[in-house]
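Engineer: One structure is given below, represented as structure tokens, and several questions about it will come after.
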Amino acid sequence: MIKGRQIYEGKAKKVFETDDPELLIVSYKDDATAFNGKKRGTITGKGVINNRMSNLLMEYLQDKGIPAHYVQELNERETLVRKVSIIPLEVIIRNVSAGSFSMRYGVEEGIPFDTPIIEFSYKNDALNDPLINDHHILALKLATAEELNTIKDLAFRINDELCALWKECGVTLVDFKLEFGRCSDGTVILADEISPDTCRLWDSSTAEKLDKDRFRRDLGGVEEAYREIMARLTKKLAEVNK
Ligand code: ADP
Ligand code: UDP
């Protein structure tokens, strides 16, 4: 596999072409941003953890029949993925109230929902990723009705699988963000990353935050939280795969 030119640099990752038009290399950085780039910093070792964790979780999901872009981990920061055309939606699943949900609706954080909530934001930094609904998505032609059904079905299945896995790690999956993309044959698959940058992960007994909220909210112990959550997942998966 030959690493080609960089085609994109985002807030958390760089993306490179390869000699195969169907494959890309993503490279995870330690850069951290919050509030649409207004807060910036570095979380030492984050790129290594997010690369590994996202790959472990995507492999786990693929084993459960969820189609995902993960192909092969190349080194501690770089992974080979299937190239997709990203559907410009941030697909958010919530199991417990937190973050923008709590702010928007005036609900305290930490209230579990009877059934999970799905929410969509239009992935557009210039517009501040506005919240949109199914009708907006169809009107703006961001996805077809069939693609939207597939996305919802996959997102809830992913939630079921990940909630169960994190529970085994003593962690509550509060909420998370997914991105989906179209392969060259039109199939919709899970893309981007699943990591403490894109999930809220709380210790099940103490509700201690083990995710990027430690950075967003200046809670301290950011690197330690990333290492702790990674250690718990690695330990559990080693048991599962024994
Ligand atoms: P952002 O663009 O929000 O700053 P990142 O720094 O994580 O985010 O950049 C990674 C970019 O790569 C994102 O725009 C994401 O949508 C895109 N991406 C993720 N997976 C794939 C894939 N398999 N094929 C094409 N693009 C992808
Ligand atoms: N999220 C993300 N990228 C975004 C916005 C949200 O990964 O651009 C994740 C975030 O980490 C959390 C979930 O999506 O796990 C819900 O985030 P929320 O809408 O509460 O927004 P926030 O409070 O992060 O602004």
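What follows is calculated from the coordinates using simple rules that are stated; it is not laboratory data. Source: prediction; values computed, not measured. Every residue, glycine as well, gets a Cβ built from its backbone with ideal geometry; the counts of neighbours run over all protein chains shown.
Engineer: Going by how many other beta carbons lie within 10 Å of each one, how would you line up Arg182, Arg214, Arg104, fewest first?
Structural biologist: Fewest-to-most ranking of Arg182, Arg214, Arg104: Arg104, Arg182, Arg214.
Engineer: Now a separate question. Projected area of the range 176-223, taken from the Cα convex hull and averaged over every viewing direction, in nm²? Could you put the intermediate results ahead of the total?
Structural biologist: Values: hull surface 16.9 nm².
Averaged projected hull area, Cα only: 4.2 nm².
Engineer: Hey, another quick one. Work from the charge dipole of the chain (Cβ charges, +1 for Lys and Arg, -1 for Asp and Glu, about the Cα centre) and give the residue of Ala155, Ser100, Ile118 farthest towards its positive end.
Structural biologist: Ranked along the dipole, the leading option is Ser100.
Engineer: In addition: Can you pick out the pairs among Lys141/Lys167; Lys3/Lys29; Lys38/Lys152 whose Cα atoms lie more than 28 Å from each other?
Structural biologist: Over 28 Å Cα-Cα: Lys141/Lys167; Lys38/Lys152.
Engineer: Quick check: net charge around Leu162, other residues with Cβ under 14 Å of its Cβ, Lys/Arg +1 and Asp/Glu -1?
Structural biologist: That works out to 0.
Engineer: Please compute the alpha carbon radius of gyration of the chain, then divide it by the globular-protein estimate 2.2 N^0.38 Å. Two decimals is fine. Present the calculation step by step, with values, prior to reporting the outcome.
Structural biologist: Numbers: Rg = 17.2 Å, N = 242, 2.2 N^0.38 = 17.7 Å.
Relative to the rule-of-thumb radius for its length, the chain sits at 0.97.
Engineer: How much net charge surrounds Lys29 when only the other residues with a Cβ under 10 Å from the Cβ of Lys29 are counted, with Lys and Arg +1 and Asp and Glu -1?
Structural biologist: That sum, taken over residues with Cβ under 10 Å, equals +2.
Engineer: Now, a different point. Using only alpha carbon pairs under 8 Å that are at least six residues apart, calculate the relative contact order of the range 173-242 and give it in whole percent.
Structural biologist: For the range 173-242, the relative contact order is 21 percent.
Engineer: Quick check: from the Cα gyration tensor, does the range 70-154 come out rounded (a/c under 1.5), prolate or oblate?
Structural biologist: oblate
Engineer: If the cut-off is a Cα-Cα distance under 15 Å, which aspartates and glutamates reach Lys212, setting aside same-chain residues fewer than 8 apart in sequence?
Structural biologist: Asp30, Asp31, Asp175, Glu193, Asp197, Asp203, Glu223, Glu224, Glu228
Engineer: Roughly how big is the chain's charge dipole about its Cα centre, with Cβ charges of +1 (Lys, Arg) and -1 (Asp, Glu), in debye to the nearest 20? Before the final figure, lay out each step's value.
Structural biologist: Values: 35 positive and 41 negative charges, 103 e Å.
Once rounded to the nearest 20, the dipole reads 500 debye.
Engineer: To continue, here is another question. Starting from the range 44-146, pick out the GluC sites (Glu not before Pro) whose DSSP state is loop and whose Cβ has at most 10 other Cβ atoms within 10 Å.
Structural biologist: Counting only loop positions with at most 10 other Cβ atoms within 10 Å, the GluC sites (Glu not before Pro) in the range 44-146 are Glu108.
Engineer: Quick one: grab the alpha carbon gyration tensor of the range 140-239, order the square roots of its eigenvalues as a ≥ b ≥ c, and give me rounded if a/c is under 1.5, else prolate or oblate depending on whether a/b is larger than b/c. Provide the component values of the computation, followed by the final result.
Structural biologist: Values: a/c = 2.47, a/b = 1.88, b/c = 1.31.
Since a/c reaches 1.5 and a/b is larger than b/c, the shape of the range 140-239 is classed as prolate.
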